[in-house]
Amino acid sequence: MYQISSIIPFIIFLFFHTSCTHSAYSQNSNSETLEMAIQDNGKLRDSLNLTYSTLSDSKRIEKIISDSRELGYFYPDEMIHLIDKTLKEVRETRNKRAEIELLFQRNYIMIDAYSDLEGSSKLSYYMLNNLPVTLEEQTQLLDLIARTHLAKSELVKAQILYQEALIRLKKIEKPYTKAHINVYWGIAVTYSESQNYEKSSDYYRKCLDQALYLGKYYMVTSCYHNLASNAGKMDQMRISKEYLDSAYNTSDKISNKSDRVISEMGLLNAYGDFYKSDSKLDSALICFRKSIQLSDKYNDFYTKSYATQALGSVYLELDRLDEAEAYLLNSYEMFSNKTPSLLLENSFNLYRLYKKKGTFEESLKWHEDYTAIRNSIQKAENIQIIAQATTKYEVELKDKTITLLKKEKILEAQAKEKYKRQWQIIIVLFLLLLVLGAFYVNHNRHQKSKKKIINQVLGEERERTRISMDLHDGVCAQITTISRIVKSNHQIHDAAWLTKVADKLDHLNLEVRDISHNLSLIKYDQRTPFQHIVEDYIGDIQETVPIRFVVKFMPKNEHIFLASNRELVLFRVIQEICSNAIKYSQTETMNLNFVRKGNSLFITITDHGIGFDKAAAGNGISNVFERIKFLKGKVELDTKNNGTTFNIQIPLNQNELNQK
């Protein structure tokens, strides 16, 4: 079966390098001027200092970050020195954003140039815990840490980290970001390690879609490369070759030099594997040799180690055993203590090599080594399976516990809400009781006041009626008798005196009758319109006082019938106002206007006298206001030195309106 990369470390190397294009500095850094200075002077640090000396602080930091991306892979020591020096400056000025950008570049150089996975993981944790990194940067740092675990075949830890990264990824508003590329790539590698190549290819295609949209052509090339690898592992040779050709055609679009070099080395190994599987061993030799030359030039451990092992296996197939032995032993030393899976294939090839040579002791030794490594890997896989099962159980248990705690919190919140609602209801009921109590007290007080006024008016009316009857039946009768006696006994006094006395008595009789009339309305019943009562009253007092009264009712042909108690109260109000005007106003004319509009009766009583001081008003005026209030009406008093006006509005009940 054809396998472009049955061994994972080279993929891991490409895998790490995908993160190196960061933020706005992923484009070509235009460092040709710097490289010219390096070639001219031969001293990189002096050239760097010379290049940056003329730039402002912000531009200098931006240029350092850009050049770190361009030159960090080729000159790691010099760029790390420059970054560390700049980090001191930005930390003194507390420029957190510049510090984050510089540390990202340092992290990438540690991975690309030094393969320092542990150092990269520690730095990533430091940045996560101590710097204000964005959500997208958090996702990238989790991805870097997860890849460190992948390189050590710690799939469970890597999967847990990628789950956290996916959670953060969903919170990023932009649908296409570098974080999406990194996470999809990392998940694709985890599935590939688990030999789930179809699922791995799904995520490589997601990564490819992101890279094409963002114009990250190095990533596009890498995705095609690894899709070809997965297709080869699934014996899809034609599809694998198509992906490889797509990767090769895209590599020309990569602008960054280090990216182009790494992509070229990866494609050489991939094409070498393809030609090997297609029995084109000479072509495979050319690819692997070229890959080793480039990796020696750029000191690339992963590319060289894989190409060395692959070249040895090709020589073994060609029966060029001495050359195969040299390369396989060399690659075994390179893989030692680094990658058990590569050592396994290397040991098996050495076992086959010495078996072909007839060196059976050496062959047995390498077979035992192969068996030991295989058992070790199997044991590690078993431990990993157990760890995965344990982790899955712990995760499920944790999820169940979280679900239970959530339910408990929900129930607790519901109980609190229910308790809160109960208290709210109690408070509302209590306030309602208070309002009802206040309303009842106020209503009761109003009813008592109303009853008091009615009793007062009725009491006054009964007393007035009694006095009126006494005056009419007693005093008036006696005065009449006296008048007759005086007139009949005219012998005693002269006629003039007797006539004078009789006239006085007749005048007194008329005055007493007027008083009696004023004290009582007993002569009127419910069928008498209120207009007639007022007109009779005004007509009576018109004869006894030198004031001209003008009374008008509107509409003219409409009669008003009030309830007996309301009629009595309103009549006393009119009587009180007229009485006060007669006594104190010195007016010659009074106007009384009665107008019904809608459900109300509007009364305006005006005199043209001398007015009075409101503050010095007596009980009579106070009684007017009290009685109008009893009738649920309104009264306005306007008094000046040229007269007094009362404006009264009385609401009419429905039965009073029906009788009009």
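The values are calculated or read from the model by the stated rules, or taken from the named source; none is laboratory data. All of these numbers come straight from a predicted model, not from anything done at the bench. Positions of Cβ are generated from backbone atoms using ideal geometry, with glycine treated the same way; all protein chains shown enter the neighbour counts. For accessibility, only protein heavy atoms count, side chains too; no ligands or nucleic acids. Shrake-Rupley method; radii C 1.70, N 1.55, O 1.52, S 1.80 Å.
Contact map, the range 587-615: first residue of a type in the set (D, E, K, R) and open to solvent by 30 Å² or more (accessible area, probe 1.4 Å), second residue part of a loop (DSSP other than H, G, I, E, B) and at pLDDT 90 or above, Cβ cut-off under 9 Å, separation 6 or more or different chains; pairs are Glu588/His608; Glu588/Gly609.
Restricting to the range 132-144, name every residue that is open to solvent by 30 Å² or more (accessible area, probe 1.4 Å) and not hydrophobic (A, V, I, L, M, F, W, C). Passing the criteria: Pro132, Thr134, Glu136, Gln138. If a residue must be outside any loop (DSSP other than H, G, I, E, B), out of contact with any Leu (no Cβ under 9 Å at 6 or more places or on another chain) and either without any contact (Cβ under 8 Å) to a residue 12 or more places away in the chain or open to solvent by 50 Å² or more (accessible area, probe 1.4 Å) (or both), how many such residues does the range 541-559 contain? Residues flagged as outside any loop (DSSP other than H, G, I, E, B), out of contact with any Leu (no Cβ under 9 Å at 6 or more places or on another chain) and either without any contact (Cβ under 8 Å) to a residue 12 or more places away in the chain or open to solvent by 50 Å² or more (accessible area, probe 1.4 Å) (or both) within the range 541-559 amount to 3. You will find that of Asn655, Asn647, the residue that is open to solvent by 30 Å² or more (accessible area, probe 1.4 Å) and either part of a helix (DSSP H, G or I) or under 17 Å from Leu568 (Cα atoms) (or both) is Asn655 and no other.
Just one of (1) out of contact with any His (no Cβ under 9 Å at 6 or more places or on another chain); (2) farther than 24 Å from Glu394 by Cα; (3) in a helix (DSSP H, G or I); (4) at pLDDT below 90 fails for Tyr184. It is (4). Pairing each residue of the range 145-165 that is open to solvent by 70 Å² or more (accessible area, probe 1.4 Å) with any residue that is modelled with pLDDT under 85 and basic (Lys, Arg), provided the two are 6+ apart or on different chains, yields no C-beta distance under 6 Å.
Filtering the range 211-221 to residues that are closer than 15 Å to Ser255 by Cβ and either of a type in the set (Ser, Thr, Tyr) or without any contact (Cβ under 8 Å) to a residue 60 or more places away in the chain (or both) leaves Ala211, Leu214, Gly215, Tyr217, Tyr218, Val220, Thr221.
Pairs linking a residue in the range 259-281 that is of a type in the set (Val, Ile, Thr) to a residue that is in a helix (DSSP H, G or I) and open to solvent by 30 Å² or more (accessible area, probe 1.4 Å), with Cβ atoms under 8 Å and 6 or more positions apart or on different chains, are Val261/Tyr298.
From the list Leu353, Leu342, the lone residue that is modelled with pLDDT under 90 and within 16 Å of Asn269 (Cα to Cα) is Leu342. Within the range 243-301, the set of residues being of a type in the set (Lys, Arg), modelled with pLDDT of 85 or more and under 51 Å from the mean Cα position of the chain (by Cα) comprises Lys253 only. Considered as a group, the residues in the range 561-586 that are over 16 Å from Thr644 (Cβ atoms) and without any contact (Cβ under 8 Å) to a residue 40 or more places away in the chain include one that is most open to solvent (accessible area, probe 1.4 Å), and that residue is Ser564. For the range 99-128, residues that are open to solvent by less than 10 Å² (accessible area, probe 1.4 Å) and not β-branched (Val, Ile, Thr) total 10.
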